[in-house]
Structure formats: structure tokens, C-alpha cells
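Data first, discussion second: the structure below is written as C-alpha cells.
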Amino acid sequence: MKAAALIVAAGRGARASREHAPTGSSAPKQYALLAGRPVLAHAIASFDACPTVGTITVVIHPDDREHYETAVRGTSTRLTPPVLGGATRQESVRRGLAALAGTPPGVVLIHDAARPLVTADIIARVLAALETHAGAIAAEPLADTLKREDDRRVIGETVARQGLWKAQTPQGFRFGPILSAHTGAAEADLPEFTDDAAIAEWAGIEVALVPGSARNFKITTPEDMAMADDLLRSPAPAVEPRTGTGFDVHAFCPGDHVWLAGVRIPHDRGLLGHSDADAPLHALTDALLGAIGDGDIGQHFPPSDPAWKGAASHLFVEDAARRIAARGGRITNVDLTILGEEPRIGPHRDAMRTAVARMLGIDVARVAVKATTTEQMGFTGRKEGLAALASATVLLPL
């Protein structure tokens, strides 16, 4: 499902950019220089790194076309002509969505240009969530204690932080529903919403929360600009690549379907196992655990435990991914090979890649699914069952 990126850069926030503006310029912060490149160019580069983003459209202030042309020169071949924004962010987004309606994308990612440190991984997580939700936003669970002031500017109450998240961008949506929501809000002359997820909530669109990053902060003050500049100039943290492998086998049994790589495939037999017998996902779980030296699937989810009777195997994969994230790791690539005479894998390959990418919160371009037979030799050749191999590459901080 190809996505369109809509980057909102029509604001007039000049205060944050003064120290980083080009000589003789009073350009807004989205055109200020960070590590020698405009803020907007950094944001565009992150979306350009995502293969599933088909087009990138920037909404600009009518007075900023010259700044814009300078900032985007040589950034991306996916840029479409800029759209002129309105008096508020909400109006600018609505105009941007309207410009995309001529050739509507499947989904749209709405992003603030003032968040230049967004990463391709955050974008991929939002896109993965849109496979099962009409909306999804990057966000961070709140860690600080909240205080509400009273009319004397002293603490009136402490606000419980449990369940509270800080919204970030990108905020992704199925295109049709979010366009209708923005159009409806404008027609109802509603007061300005603080973000697109608030408009979606008003319109009854369910919005999922996916992990963002503390680095994905919005530049508002000169201090923010200086911190972003320092982060971009800092050397990349040292990481060590780790590779894990996995292998699993399941026999055929009476049934009418099999689960392979998270996809239910009709078949004249099933696969025998304590859980749903999804051999590719079991192999993938072992590959992920192997990359960080954290045991195997049988150790964490023993077949003797009735809790896992008939369990969906995506639970095992997602647990392994959380263990990697807890160590500060990042999954960069997974590769699955399914061995068997049947069922045919080709018609389901893309669905499998999408399902695995969603489980891991990575771009589908980082997932490979292959299939082969054993030339009618061995138990797979006799159609007694099938096997699966997996490899996973993980980057762990040193």
C-alpha cells in the first residue's frame, strides 16, 4: 500500500531559527540550517528513505517559495509541487489533503517539518499499524509527573500520568477518512484542533499509538534548535551487528488450513503443533532470540504450558522483538525460507511480508520470504510436513 507523505511547513516560527539562519535571512525555523542543511531537508530525507512512501508533498507559506526552492534542491525525486498553506496548521493540512485528492493515495502520513530528527524506523512503525487501523500516530509514554496550576500559579493538583502519551508526528491515516474528517471540521467551523489525531478522534476514527522516540522532538525554541544541531553533528552511536538463525518443522495433520508467516492459507490439511504450528514464525522467533543470545522459543514458551495451547505465533515474534528493543537493539533485516511441496507460497508472499513487518515494526522492504521444494526427497518431498528456516540481523549498542 503506497503512502503519500504530507509535510507541513507553512508556520512562521522565526524565533527558534535566528542563530541558525543563513546570513542575512530571517527565514522561519523550517528553513534554518542544522548540521549544514535546512530543517525541512532533514525531514524530507527521512521519508525519502522509506520505499513505501510514493510521493512527498510539502505545504508552505505563500511568502516562502524562494526559501522552499533553495531548501529542497537535490533532496528527493519524489517531491510533488508544493501546496500553499492557510492561516492555521489545520487549514494548511486540509489544503494539502485536498491537493492529494486528485490521485488519492491509500494512506497519508502527515508530518511537521519542525521534527527533522524523525527516522525511517518510526515512519515504518506508523505504516505497519495502518495495515490494521484506520489511523496511527508516533507517540511516547509520558515519563514526567504532571502538575496542574491554579489561578495563583501554584500547584493545584497532581495529574496521574498512567496511560498518557505525548503525541508526535508522523500521524498516518487511511486517506479517504482523514480527508472527510478535515473537510467536515472545516464545514462545521470548529475551533482549531491541536493535531490531526484530535480531528480523527472527533470524526470517530480509531487511532493506534506506536512508539516514537525522544529524538523526534518538535523544534520550538532556540534551545531546541541547538540541541537538534548537536544531535545531528554527533557521531553515530557505536553498534555491533548480530545475526541469528532459526529452524522449525511441523507435520501435516487433518484440517482445512495452515498458518504460515502470520497468514491463514486454506489447505486440505493442517499442521500439527501445540500452538498454531506456524513454522516460519517459530523459526523467526528463534532467529531473533539467537541474535541477542536469549535462549529459544521452547525456553520462553514451553509446549508443556497449557497457556500456549493454540496460541497465535505472532505473540512469540512480538515478544522477541520487545526483548531486542529493551536492549536498545534494532532489527534491520529478516529472511524466511519455507521448504515444502505444498501449499504454494507465491500467491501469499506479499501478505506474509506485510504481516511480519507489522509484527516487528519495520519496513516491509526489510522482510524477505522465499520458498523452495526438496525435489520430492525426504519428509517434505513426501508431503508429510514442511520446514522453515529464518535469519535475522540486529544492531545492538556496544
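Of note:
- Matching entry among Ala387, Ala368, Ala351, Ala325 (being farther than 23 Å from Gly270 by Cβ and either modelled with pLDDT of 90 or more or buried (at least 20 other Cβ atoms within 10 Å of the Cβ) (or both)): Ala368
- All positions within the range 371-384 that are in a loop (DSSP other than H, G, I, E, B) and either surrounded by 20 or more Cβ atoms within 10 Å (Cβ to Cβ) or polar (S, T, N, Q) (or both): Thr373, Thr374, Gln376
- Where a residue in the range 32-52 is part of a strand (DSSP E or B) and its partner, wherever it lies, is surrounded by fewer than 18 Cβ atoms within 10 Å (Cβ to Cβ) and hydrophobic (A, V, I, L, M, F, W, C), with Cβ under 7 Å and at least six apart: Leu34/Leu232
Condition check ((1) in the same structural domain as Gly102 (by TED's automatic domain parsing); (2) within 28 Å of Gly102 (Cβ to Cβ); (3) of a type in the set (A, V, I, L, M); (4) touching a residue at least 60 places away in the same chain (Cβ under 8 Å)) across all residues:
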position	(1), (2), (3), (4)
Pro170	yes, yes, no, yes
Phe173	yes, yes, no, yes
Leu179	yes, yes, yes, yes
Thr183	yes, yes, no, yes
Ala188	yes, yes, yes, no
Glu192	yes, yes, no, yes
Asp196	yes, yes, no, yes
Trp202	yes, yes, no, no
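- Matching option when the condition is outside the structural domain of Val369 (by TED's automatic domain parsing), touching a strand residue (DSSP E or B) at 6+ places or on another chain (Cβ under 7 Å) and touching a residue at least 12 places away in the same chain (Cβ under 8 Å), among Asp256, Asp224, Asp248, Asp229: Asp229
- Test: Ala185 is hydrophobic (A, V, I, L, M, F, W, C) and over 30 Å from Thr55 (Cα atoms): no
- Check on Thr80, of a type outside the set (Lys, Arg), farther than 26 Å from Val207 by Cα, surrounded by fewer than 23 Cβ atoms within 10 Å (Cβ to Cβ) and assigned by TED's automatic domain parsing to the domain that holds Ala197: yes
- Scanning the range 100-118 for residues that are assigned to a loop (DSSP other than H, G, I, E, B) and not small (Gly, Ala, Ser) yields a count of 7.
- Hey, Val39 crowded, with 24+ Cβ neighbours inside 10 Å and under 25 Å from Ala129 (Cα atoms) or not: no
- Members of the range 55-77 that are buried (at least 16 other Cβ atoms within 10 Å of the Cβ) and within 24 Å of His182 (Cβ to Cβ): Thr55, Ile56, Thr57, Val58, Val59, Ile60, His61, Asp64, Tyr68
- The single condition among (1) buried (at least 22 other Cβ atoms within 10 Å of the Cβ); (2) within 30 Å of Ala32 (Cβ to Cβ) that Gly135 does not satisfy is (2).
- When each of Phe252, Phe175, Phe193, Phe217 is tested for being over 30 Å from Leu281 (Cβ atoms), surrounded by 15 or more Cβ atoms within 10 Å (Cβ to Cβ) and in contact with a Gly (Cβ under 9 Å, 6 or more places away or on another chain), the lone residue that passes is Phe175.
- Of the criteria (1) over 24 Å from Asp224 (Cβ atoms); (2) in the same structural domain as Met225 (by TED's automatic domain parsing); (3) over 23 Å from the mean Cα position of the chain (by Cα), which one Glu131 fails: (3)
- Against the list (1) touching a Pro at 6+ places or on another chain (Cβ under 9 Å); (2) under 27 Å from Glu131 (Cα atoms), the condition His274 fails is (2).
- Enumeration of residues in the range 334-370 that are assigned to a helix (DSSP H, G or I), of a type in the set (A, V, I, L, M, F, W, C) and touching a helix residue (DSSP H, G or I) at 6+ places or on another chain (Cβ under 9 Å): Met352, Ala355, Val356, Ala357, Met359, Leu360, Val364, Ala365
- Of the residues screened, Ala283 is one that is out of contact with any helix residue (DSSP H, G or I) (no Cβ under 8 Å at 6 or more places or on another chain) and assigned by TED's automatic domain parsing to the domain that holds Ile338.
The values are calculated or read from the model by the stated rules, or taken from the named source; none is laboratory data. Note that the coordinates shown come from a computational prediction; the quantities given were computed from them, not determined experimentally. For neighbour counting, all protein chains shown are included, and Cβ atoms are generated from backbone atoms with ideal geometry for every residue, glycine included.
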